[in-house]
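Values in this text are rule-based calculations from the coordinates and carry no lab data. What you see is a predicted model; the values in this text were computed from it and never measured. FYI the Cβ positions are ideal-geometry reconstructions off the backbone, even for glycines, and counts take in every protein chain you see.
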Amino acid sequence: MSKNSSPLTMLPFGYQGKVFRSPMPYGPFDRLSQTWQAYQEQSISVVVVLTDNKEFLAHAGLDLPAFYRKENIEAIHIPIPDFGIPGDKDAFWSAIKFADKYARAGKNIAIHCLAGIGRTGLFMACLAKHHLGLSGKDAIDWVRKFIPGALENLSQEKYVIDF
């Protein structure tokens with residue numbers, strides 16, 4: 001797979017490890033089924049899954065957190081409704097802290113929802129706010145430089161601003 005055709009986008013957080021966004025492996029936005037291969041090529045060792053069980057089973061045909069664990073990849077599962085915001089703020093904050101800890105330790109991380117834009121953008125913006133010390137608006141703008149269209153509605157933007 002050429003670098004330009006990779007389904008992964010690296011965001012330059014400045015961690016020892018790399019942080020990528022992607023579409024859901026084997027889902028409808030992974031049209032050429034390249035995402036899993038890209039995870040392997042990038043030595044992804046942690047995946048943050050932002051879809052719920054019904055969503056990944058319907059679209060990928062797999063229990064993705066179990067699949068990742070079987071492949072010796074740490075899975076952080078924090079389901080967020082499509083076009084929605086986290087329902088459990090404490091669990092979401094824990095997921096941000098885990099991602100931060102793993103990336104600081106040099107682990108390469110992938111974050112995905114279905115398309116890798118809305119919920120993934122929300123997660124990335126909150127991680128940027130936490131790690132880079134950006135304001136909510138600046139974190140959203142920073143993420144959108146790398147993921148055009150990230151955060152798909154005002155409720156997602158407000159969540160980041162209030163995070």
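Observations on the structure shown:
- Test for Gly118: is it closer than 21 Å to Thr9 by Cα and free of Cβ contacts under 8 Å to residues at least 60 places away in the same chain: yes
- Of the residues screened, Pro148 is one that is part of a loop (DSSP other than H, G, I, E, B) and surrounded by fewer than 20 Cβ atoms within 10 Å (Cβ to Cβ).
- Of all residues in the range 1-42 being of a type in the set (Lys, Arg) and in contact (Cβ under 8 Å) with a residue 40 or more places away in the chain, the one that is surrounded by the fewest Cβ atoms within 10 Å (Cβ to Cβ): Lys18
- Any hit, the range 37-51, residues being small (Gly, Ala, Ser), closer than 30 Å to Ile161 by Cβ and not in a helix (DSSP H, G or I): no
- Selection within the range 52-70 - charged (D, E, K, R) and in a helix (DSSP H, G or I): Lys54, Glu55, Arg69, Lys70
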